[in-house]
Amino acid sequence: MHFLHSAWVPSRALSPQKTFGARVRELRQAAGMTQDDLAEHCGLFRTYLSRIENGQANPTLTMIHALAGSLGVPVPLLFQAGAPDGVGASARSGRSPPRAAPRPSRGRVR
């Protein structure tokens, strides 16, 4: 069986990390938060959050929960396209989202 090299076309779909990171960025911006704001709420370094948003880091389940809690959204919303109305309303109203409980290390190096 012969395969023609010209017939094979690589997928142009984003990696799961890039798709997830783009969604986190979308929700963070909809909430009116900076990377510094969200990183502080999650207990992260801003540089690690930047790596998540750029698809260069693969966050743990614990970190996914911390991100959702800090953004004030349910975890499944981090995996859905398009922000619903009202996402980020607490940040725009001047109230801070609830601070996530202290967790084990999530990319912090000290």
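The values are calculated or read from the model by the stated rules, or taken from the named source; none is laboratory data. A quick note: this is a predicted structure, and the numbers were derived from the prediction, not measured. Virtual Cβ from ideal backbone geometry, glycine too; neighbours counted across all protein chains shown.
I need the full set of residues from segment 18-37 which are outside any helix (DSSP H, G or I) and either of a type in the set (A, V, I, L, M) or surrounded by 15 or more Cβ atoms within 10 Å (Cβ to Cβ) (or both), in order please.
Matches in segment 18-37: Ala31, Met33.
Looking at segment 60-101, which of the residues that are among the β-branched types (Val, Ile, Thr) and farther than 22 Å from Ser15 by Cα is modelled with the highest pLDDT?
Within segment 60-101, the match that is modelled with the highest pLDDT is Val73.
If you scan segment 38-54, which residues turn out to be within 13 Å of Pro16 (Cα to Cα) and crowded, with 18+ Cβ neighbours inside 10 Å?
Ile52, Glu53, listed by residue number.
Taking segment 42-53, which residues are at pLDDT below 95 and assigned to a helix (DSSP H, G or I)?
Cys42, the sole residue that qualifies.
So, of the residues in segment 34-59 that are over 11 Å from the mean Cα position of the chain (by Cα) and without any contact (Cβ under 8 Å) to a residue 60 or more places away in the chain, which turns out to be nearest to Leu14 (Cα to Cα)?
Gln56
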